[in-house]
Every structure is written in structure tokens, then in C-alpha cells.
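Since the structure comes first, as C-alpha cells, the remarks are kept for the end.
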Amino acid sequence: LEKSRVTFQLKAERDYHIFYQILSQVKPELLGMEKNIHIFSKHPSDIHVNVFPYLLINILFINVFLEMLLITNNPYDYAFISQGETTVASINDGEELMATDVIAYLMGLNSADLIKGLCHPRVKVGNEWVTKGQNVAQVYYAIGALSKSVYEKMFLWMVLRINQSLDTKQSRQYFIGVLDIAGFEIFDFNTFEQLCINFTNEKLQQFFNHHMFVLEQEEYKKEGIEWIFIDFGMDLQACIDLIEKPMGIMSILEEECMFPKASDATFKAKLYDNHLGKSNNFQKPRVIKGRPEAHFSLVHYAGTVDYNINNWLVKNKDPLNETVVGLYQKSNLKLLSLLFAGYSGKRFFFSNCFCLLMTNLRSTHPHFVRCIIPNETKTPGAMENPLVMHQLRCNGVLEGIRICRKGFPNRILYGDFKQRYRILNPNAIPEGQFIDNKKAAEKLLGSLEIDHNQYKLGHTKVSLLDKTGLLGQLEEMRDDRLALIITGIQARSRGLLARIEFQKIQDNLGDAEERCEGLIKSKIQLEAKIKELTERLEDEEEMNAELTAKKRKLEDECSELKKDIDDLELTLAKVEKEKHATENKVLF
């Protein structure tokens with residue numbers, strides 16, 4: 001982690017994004033603080049506050065992310081910004097005291113103890129503890145060092161929490177790691193951070209060279225392939241030794257850190273005594289008008305870099321105000337006390353971490369991705385050809401292409417070669433009898449129509465030249481063969497499917513004919529039945545007509561009989577009446 005960026009940035013550089021995001025409009029009360037962040041930016045004129053609102057989405061995302069990590073909503077994060085507000089060494093103004101109270105509150109500390117710890121820390125002299133007065137510059141440095149330390153520990157704690165959240169609790173046998181590192185840095189002003197970055201690039205470039213050029217050519221010898229060793233002139237060991245070996249730059253720096261009276265001047269003197277005129281990579285810098293002062297120059301693989309050694313001893317020791325660290329350890333803010341619980345004042349952290357990194361890299365199978373800067377003006381679509389060629393040449397890309405063109409970069413184990421390319425000519429390898437994989441590969445290659453000078457047979461592998469594209473030719477032949485086989489399989493499959501479909505149609509047609517015959521027979525039977533019923537219906541209709549006629553005749557006869565009955569009844573009534581009249585006459 002380049003924690004120095006928290007308090008120092010070169011011109012046209014920015015601080016870490018989180019600080020700009022904290023100053024976004026999500027927290028409107030913080031928008032007035034940009035005038036006080038001078039401790040976090042050495043070029044405040046480069047800061048454009050109007051970009052803060054556009055970071056709204058980022059800060060919202062970060063808030064959600066922090067909640068996912070079960071981080072409380074305590075406004076602890078803003079203590080980074082707030083620390084820069086305090087005017088130190090003589091804090092007596094009301095506004096300054098209020099700012100200090102805010103800082104102490106955010107960090108779970110007592111305000112008076114924090115002021116005392118910053119302005120009058122306790123230091124150990126021999127076996128005794130004494131109180132030391134600090135001037136403004138010293139307190140500014142202490143605040144910056146504490147801020148960097150808090151940010152670093154917070155960052156590492158965050159990484160740990162993320163790893164714990166993603167941990168599956170399952171044992172793993174393999175892993176994929178990604179190492180993303182800043183490129184080589186050559187600025188007008190180069191200091192300790194640039195040396196660390198450039199040294200890292202130097203070591204990684206040497207690792208790349210060793211992997212691409214040395215190990216590649218050693219592989220040819222191991223396989224018994226005739227090969228004349230090519231020196232590509234990419235050995236960077238002289239510069240690496242100048243930095244890391246005993247009495248190198250780092251060694252002298254660590255030695256100077258052990259002496260209480262050591263200074264930047266004594267450090268520079270030792271460097272000149274041990275290396276000036278003795279190492280071609282160590283030079284006295286040229287004085288260029290208008291450029292910052294430089295104390296020595298190093299010839300790196302990417303170019304000569306002038307370094308300024310001011311404050312290198314302090315940066316390497318990276319001392320913290322242990323009085324304030326003690327307050328952090330007792331903070332009411334649990335996270336802050338957790339971050340500093342194991343503080344031990346460890347030094348030389350960079351060297352230790354870098355050794356672990358290189359050990360890890362050497363135990364893996366690396367793949368390299370080279371990022372090329374197209375121009376130095378950060379202009380889209382612009383390509384500076386000399387700059388690009390310089391990077392390709394310095395990064396070993398061109399040499400890598402040369403060795404690939406001259407060498408045998410494509411190597412395949414005999415067993416794998418036999419299994420993959422046997423399809424090109426199956427008859428070349430007899431079936432049903434054991435044959436050595438090497439012999440099988442040799443027979444297979446001999447039976448193919450290729451340039452037989454473009455490959456070599458080693459002890460365990462087939463090695464193919466790259467410049468003729470033999471591997472690509474074999475792959476094309478294999479693709480063509482597979483295409484032919486697959487086309488035949490597809491044709492047979494389509495034919496089989498067509499025959500199956502035709503048979504289904506035939507079977508369905510027979511069933512349809514049987515059903516049609518049944519339907520026709522049913523239709524004939526139905527028509528006969530209908531005819532029979534029709535004839536019967538006609539007979540019934542005739543009978544019905546006759547019966548209807550008879551019914552009408554009978555109804556007419558019945559009407560006449562009824563009329564006769566009515567007449568007879570009238571006649572009878574008349575006779576009865578006459579009878580009664582006669583009887584009455586007889587009686588009287």
C-alpha cells in the first residue's frame with residue numbers, strides 16, 4: 001500500500017478516492033472542509049471541488065459495501081479529514097479547540113489528552129520517560145504519520161474482512177493470484193516511494209527476464225535440443241544488487257536508521273563513499289535549472305532516475321507518536337483500539353513484504369500482461385511511437401518476441417501430442433499393439449505433409465518452431481479433419497433421422513388408411529341404416545296420413561252423431577214435456 005499518498009502527492013496526482021468521496025454531497029456538512037485539507041494535499045490548487053457531487057454513486061456504493069461488511073455507521077471515517085483541520089503546537093483559539101474536540105469525539109478519545117499527546121508527547125530516553133515539546137512542523141508530521149498508519153491499518157483490516165466474508169471454509173489445492181503493480185516512475189522529483197516502486201519493477205522485470213529468456217533456453221538443453229545460448233542483454237542484477245545487497249542503498253539506509261545522530265547528509269556521504277565510481281549504475285546527478293534538487297542517480301533498465309533523499313531515514317523508520325498510539329489503543333471506538341492493539345513499532349516493512357512476494361511468485365506458474373502507456377499527456381486516441389517502442393524495448397517484449405521467433409516456444413508432451421493429433425492420420429499408429437508415445441509422435445509427424453525441419457523431438461516433448469506457425473498449421477489440419485468427420489457424422493445422423501421420420505410417416509400412413517377404411521365402412525353402414533330408417537319413416541308418414549284421414553272422418557261422423565244426439569235429446573225433452581202435460585190433464 002502506497003500510504004504516503006495519504007499526505008503527499010506529486011503534482012497532477014490525486015489522493016485516494018475515498019477522501020474525495022467523503023467530501024461528496026452525501027454529507028453536505030463536509031463540503032466546506034476542502035479549504036482545510038492542506039495536510040492531505042501538497043497541491044491544493046489541483047483539487048476541483050466541483051467534481052465531488054459526481055462521486056455520489058461511488059459513495060453510496062461504498063456505504064452499502066461497508067454495511068455488508070458489518071461496519072457500524074459511526075462517522076469514524078471522517079476523522080481522517082478532520083485531523084487536517086487542526087492548527088497545532090499552540091491550540092488556544094476557540095474554533096481550533098472545537099475542531100480538536102470533533103476529532104477526539106470521532107476517534108473516541110479525550111480532547112485534552114489528544115492535544116497533550118500531539119504537542120507534548122512522552123519519549124523514552126535511556127530508561128526514563130520524558131516529556132518533549134514539539135514545534136508546528138513536528139506536530140504536522142506526527143498527524144500525517146498517524147493518519148497514514150490509521151489508513152494503512154484500516155485498509156489491511158478491510159482486506160482481512162473481505163477475505164473472511166468470501167472464505168468458503170473448504171480446503172484448496174490451487175489458487176489464482178493477480179499482482180497489479182504501478183509501472184516504472186520517472187518524475188521531476190523522485191523520492192523514497194519512487195525508489196521502492198522502481199526497485200519492485202526492477203525485480204519483477206528480472207523475474208520476467210529469467211522466466212522468459214533463461215528458463216526458456218534452459219528448457220531446450222534439458223530436452224536435449226541443439227541450441228546456442230543467446231544473451232539478450234537483459235540482466236538487471238547489477239542494479240538490483242546496488243539496491244538490496246549488503247552495503248547497498250537499502251542496507252546503508254537501514255544501518256543509518258540505527259544511529260541516533262544519522263542524517264540525510266551522512267546517508268548521502270555513505271552512498272557516495274561506497275558506490276560513486278565503483279558501480280556503473282550509481283551516478284552523480286546533473287544539475288538542471290528549474291528542476292528540484294537531486295542527490296544521486298540510478299541507471300535502471302527503463303532509464304536513469306534522479307533521486308532526492310530528504311527524509312528517507314524518517315520514512316524508512318516510519319515512527320509514530322507512541323503517546324497518541326497509546327490513546328488509540330484505549331479508544332472508546334472499538335475498531336480504532338482493535339487496529340492498534342498489536343502495534344509494536346515494526347520497521348523495514350517493505351523489504352519483508354517484498355521478499356514474501358518474490359517467494360510466492362517463484363513457486364507459481366506466472367503469466368504476464370504488459371500495459372503500455374500510449375502517450376504522456378493522457379490524451380485518448382494519441383499514440384507516441386517512440387514512447388511505445390521504448391516501453392516495449394525496456395519491458396523485454398521485443399526480446400520475448402525474438403526468442404519466440406528463434407526458439408521453440410510451443411512444447412507438447414508426447415502423450416498429449418499423440419492423443420490430440422492422432423486424428424490427423426489414425427493409420428500411422430497401429431491399433432492393438434503397444435507403442436511408445438515418443439515413437440508414436442515421431443511416426444505421426446513423419447506421415448503428415450508438413451515441413452519436418454520445423455520441429456524437434458526432445459526427451460519428453462515435441463518442440464515446435466513458432467515463426468512458421470507449425471502449431472497453427474497442425475491445429476488447422478486438425479480442425480479440417482474434425483470438420484470432415486463431424487460433417488460425415490452430421491450427414492449420417494441427418495440420414496438416420498430422415499429415415500426414422502419417413503418410417504414414422506409410413507407407419508402413420510398405414511394407420512391412417514386403416515382408420516379411413518373403418519370410417520368408410522362405418523359410413524356405408526350408416527347410410528344403409530339411414531336409408532332403412534328413411535323408408536320406415538316414409539311408411540310411417542303414409543300410415544300417419546291414412547290415420548289422420550280416418551281420424552278426420554271419424555271426427556266428422558262423431559260430430560254428426562253428436563248433433564243427432566242433441567236433436568234426439570230435444571225431441572225427448574219435448575216428448576217428456578208433452579207426457580207430463582197429458583198426465584196432468586188426466587188427473588184433473
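Bear in mind that the values in this text are calculations on the coordinates, not laboratory data. Everything numeric here is computed off the predicted structure, so don't read it as measured data. With ideal geometry, Cβ positions are generated from the backbone for all residues, glycine too; neighbour counts draw on all protein chains shown.
Given the peptides 299-311, 434-446, 189-201, arrange them by the average over their residues of other C-beta atoms within 10 Å, most packed first. Write down the numbers at each step before the final one.
Numbers: 299-311: 18.0, 434-446: 15.8, 189-201: 19.8.
Ranked from most to least packed, the peptides come out as 189-201, 299-311, 434-446.
For 312, 227, which order do you get if you count the other beta carbons within 10 Å of each Cβ and list the fewest first?
Result, fewest neighbours first: 227, 312.
How high is the FRET efficiency from residue 155 to residue 131, r the C-beta distance, R0 25 Å, rounded to 0.05?
Once the sixth-power term is evaluated, E becomes 0.15.
Compute the separation of the alpha-carbon centres of segment 413-463 and segment 232-294 and state it in Å as a whole number.
Here the answer is 56 Å between Cα centres.
Order these by the 10 Å Cβ neighbour count, fewest first: 141, 421. Mind dumping the intermediate values first?
Values: 141 18, 421 21.
Ordered from fewest to most neighbouring Cβ atoms within 10 Å, 141, 421 come out as 141, 421.
On a straight-distance basis, which lysines could pair with residue 529 in a cross-link, Cα separation under 24 angstrom, same-chain partners fewer than 8 positions away excluded?
521
Trypsin sites (Lys or Arg not before Pro) within segment 471-563: which are DSSP loop residues with at most 13 other Cβ atoms inside 10 Å? Show your work: numbers first, answer last.
On the way: sites: 478, 481, 492, 494, 499, 504, 515, 521, 523, 529, 531, 536, 550, 551, 552, 553, 562, 563; in loops: none.
Nothing satisfies the criteria.
Check the straight Cα-Cα distances from residue 116 and name the lysines below 17 Å, setting aside those fewer than 8 residues away within the same chain.
The reachable lysines, counting only those whose Cα sits under 17 Å from residue 116, are 124, 132, 330.
Measure up 221/439; 203/284; 418/439; 221/461; 153/245 against 18 Å on the Cα-Cα distance and list the ones that go over.
221/439; 203/284; 153/245
With a cap of 10 neighbouring Cβ atoms within 10 Å, and only residues DSSP puts in a loop, list the trypsin sites (Lys or Arg not before Pro) found in segment 168-248.
Details: sites: 169, 172, 203, 221, 222; in loops: 169, 172.
Counting only loop positions with at most 10 other Cβ atoms within 10 Å, the trypsin sites (Lys or Arg not before Pro) in segment 168-248 are 169, 172.
Would you please name the trypsin sites (Lys or Arg not before Pro) within segment 340-423 that are DSSP coil residues with at most 13 other C-beta atoms within 10 Å of their C-beta?
On the way: sites: 346, 347, 362, 370, 378, 393, 402, 405, 406, 411, 418, 420, 422; in loops: 346, 347, 370, 378.
Within segment 340-423, the qualifying trypsin sites (Lys or Arg not before Pro) (loop, at most 13 other Cβ atoms within 10 Å) are 346, 370, 378.
Taking neighbour Cβ counts within 10 Å as the exposure measure, how do 477, 158, 212 sort from fewest upward?
158, 477, 212
Aspartates and glutamates within cross-link reach of residue 289: Cα-Cα under 20 Å, excluding same-chain residues under 8 positions apart?
Answer for residue 289, where 20 Å is the Cα cut-off: 188, 306, listed by chain and number.
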